[in-house]
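The values are calculated or read from the model by the stated rules, or taken from the named source; none is laboratory data. Source: prediction; values computed, not measured. All Cβ positions, even for glycine, are placed from backbone atoms using ideal geometry, and neighbour counts span all protein chains on display. Please note that ligands, DNA and RNA were not included when accessible areas were found on the heavy atoms of the full protein model with its side chains. Shrake-Rupley method; radii C 1.70, N 1.55, O 1.52, S 1.80 Å.
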Amino acid sequence: TMAHSKALLVLENFIGGKFVPCSSYIDSYNPSTGDVYCRVPDSGKEEVEAAVKAAKAAFPIWSSKSPLERSQILNKLADLIEHDLEAFAQAESKDQGKTITFARTVDIPRAVYNFRFFASSILHHTTECAEMATMGCVHYTSRAPVGVAGLISPWNLPLYLLTWKIAPAIACGNTVVAKPSEMTSVTAWMMCKLLEKAGVPHGVVNVVFGMGAKAGEALVCHPDVPLISFTGSTLTAQRIMEKSAPHCKRLSLELGGKNPAIIFDDADLTQCIPTTLRSSFANQGEICLCTSRIFVQRGIYSEFLKRFVAEAKKWKVGNPSDPTVNMGALISKEHLEKVRSYVKKAQAEGARVLCGEGVDSLALPTGNQKGYFMLPTVIAEVKDESCCMQEEIFGPVTCVVAFDTEEEVIERANSVKYGLAATVWSSNVGRVHRVAQRLQSGLVWTNCWLVRDLNLPFGGMKASGIGREGAKDSYEFFTEVKTITIKH
């Protein structure tokens, strides 16, 4: 194996502006082949300690720079990533299993835009002032960066979601210690190589690779990290809340979803069907905003189902580097097993699997036989109480059920513990507004999906998280506000 491992990519932690080797490593797999793709540092307390120390040391200089100076550096970093867009896209696709098309058009452009967006927004914030003439007083607020931010990002949109945290954190003048998912660390490591060239001072951005239970926990428990931004599972978030409670840390948690799509009988199916296929199966269904519960009004239920399944069957699954493929591989063998187990449970409960897993055969290219692939899977006649309708599956599986009235579908859509995103399809404007108002969901898209303006708040209700991110929201989270009163 030694000869074999020489060819592997070996990542190193990035601490205080330098790449630092680690004493032990973990394997990261290429999901489309099932082979080990690279070795990732298995960091723990020591590495996190060194990274926090470097971030703390860099804080006074970085936080005293003007917003304009920081803005120019962020823009330079955006330019450098954009210049290497193709290399980043190839690496993301290989490491994560997503299609090269998705990485090229969604992940990497959005990572670039995250830096550009916060480079701009940081220049436009103003503070408040209130006069109290009768008391001869004036009050005003001032905002200052908090300190060292701990950022923990997931494996589904690796660079996209990591930069969505790093950009606002450093734009506001904080320094950071980031821990990407151990399953998808390569693009974060590639970004580290560009930091110095962009003019990011040593220690402002530190990246520690490793497992949540070890590296993540050390970061969350560190007394000198006052703020944690996390995207991932509700279960991990509960642990983060427990571990950070003794330190009273400030938390932003973006968690799972069990997002409903509600399709009324006056929906425009020519728009609705292709968009709902994307909202169910894009990125292998591994997006927290994917719709996995599709409620269709009874009048169009059978027509919708027939057309939806026919289109789902046309989706091509295979080698992610093939530009004609619609869906790549799932992240890991374990995850694929978990997603498959939900389909088996649905069948055991008497639901009908209309296409995909266990129904249609999947033909894979020679090199991809051992990859973690699965066909887009549509399940009908599932009960609302079923775990397939209650739990986040996070794979290419969607359940389609019928409903009769507006009142009924709102209640059923709200009957899960999550509340991240919802989509509503109808050509009746009044109904669209009424339903959107009553859905317990941080985001509601009507007659579209995943149209994002980064200015506006992003985040969920209930078990889907705490806090919001966006121009104003991220600024508020990553700064500490002070009210100053002057008597004159």
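Can you pull out the residues in region 107-139 that are of a type in the set (V, I, T) and either touching a helix residue (DSSP H, G or I) at 6+ places or on another chain (Cβ under 7 Å) or under 20 Å from K197 (Cα atoms) (or both)?
So the first thing to find is which residues in region 107-139 are of a type in the set (V, I, T), and the list is 108, 112, 122, 126-127, 134, 138.
Of everything in region 107-139, those that are of a type in the set (V, I, T) and either touching a helix residue (DSSP H, G or I) at 6+ places or on another chain (Cβ under 7 Å) or under 20 Å from K197 (Cα atoms) (or both) turn out to be I108, V112, I122.
Could you list, in sequence order, the residues of region 103-147 that are among the basic types (K, R) and part of a strand (DSSP E or B)?
Once the filter is applied, which keeps residues that are among the basic types (K, R) and part of a strand (DSSP E or B), region 103-147 yields only R143.
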**Prompt:** Looking at region 82-137, which of the residues that are of a type in the set (D, E) and open to solvent by less than 10 Å² (accessible area, probe 1.4 Å) is farthest from L454 (Cα to Cα)?
**Reply:** D95
**Asked** Is there a residue in region 22-34 that is open to solvent by 40 Å² or more (accessible area, probe 1.4 Å), of a type in the set (F, W, Y) and farther than 25 Å from S181 by Cβ?
**Response** no
**Item:** Every pair of residues 6+ apart whose Cβ atoms lie under 9 Å, when the first sits in region 140-161 and is on the phi > 0 side of the Ramachandran plot while the second is surrounded by fewer than 22 Cβ atoms within 10 Å (Cβ to Cβ) and part of a loop (DSSP other than H, G, I, E, B)
**Value:** G147/D224; G147/P226
**Asked** Which one of these does T234 not meet: (1) within 30 Å of V317 (Cα to Cα); (2) buried (at least 23 other Cβ atoms within 10 Å of the Cβ); (3) outside the structural domain of V325 (by the TED database); (4) among the β-branched types (V, I, T)?
**Response** (2)
**Prompt:** What is the number of the single condition among (1) hydrophobic (A, V, I, L, M, F, W, C); (2) more than 20 Å from the chain's Cα centre (by Cα); (3) more than 19 Å from Q390 (Cβ to Cβ) that L336 does not meet?
**Reply:** (2)
**Request:** Report whether or not L362 is modelled with pLDDT of 95 or more, open to solvent by less than 40 Å² (accessible area, probe 1.4 Å) and either outside the structural domain of A436 (by the TED database) or among the aliphatic types (A, V, I, L, M) (or both).
**Result:** no
**Item:** Test for T483: is it polar (S, T, N, Q) and free of Cβ contacts under 8 Å to residues at least 60 places away in the same chain
**Value:** no
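Residues are listed down the side, and each one gets a yes or a no for (1) assigned by the TED database to the domain that holds A218; (2) open to solvent by 10 Å² or more (accessible area, probe 1.4 Å); (3) in contact with a Leu (Cβ under 9 Å, 6 or more places away or on another chain):
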| position | (1), (2), (3) |
| --- | --- |
| R250 | yes, yes, yes |
| D265 | no, yes, no |
| N283 | no, no, yes |
| C288 | no, yes, yes |
| E303 | no, yes, yes |
| A310 | no, yes, no |
| M327 | no, no, yes |
**Prompt:** If you check T485, T479, T446, which single one turns out to be closer than 26 Å to D268 by Cβ and not aliphatic (A, V, I, L, M)?
**Reply:** T446
**Prompt:** Where in region 398-482 are there helices (runs of 4 or more DSSP H), lying wholly inside it, with at least 1 residues that are more than 19 Å from the chain's Cα centre (by Cα) and outside the structural domain of P145 (by the TED database)?
**Reply:** 406-413, 429-438
**Message:** Checking the condition under 21 Å from the mean Cα position of the chain (by Cα), within 21 Å of S93 (Cα to Cα) and in the same structural domain as I26 (by the TED database), which residue from P168, P154 passes?
**Reply:** P154
**Message:** S279 - would you say it is farther than 30 Å from L227 by Cα and either at pLDDT below 95 or assigned to a strand (DSSP E or B) (or both)?
**Reply:** no
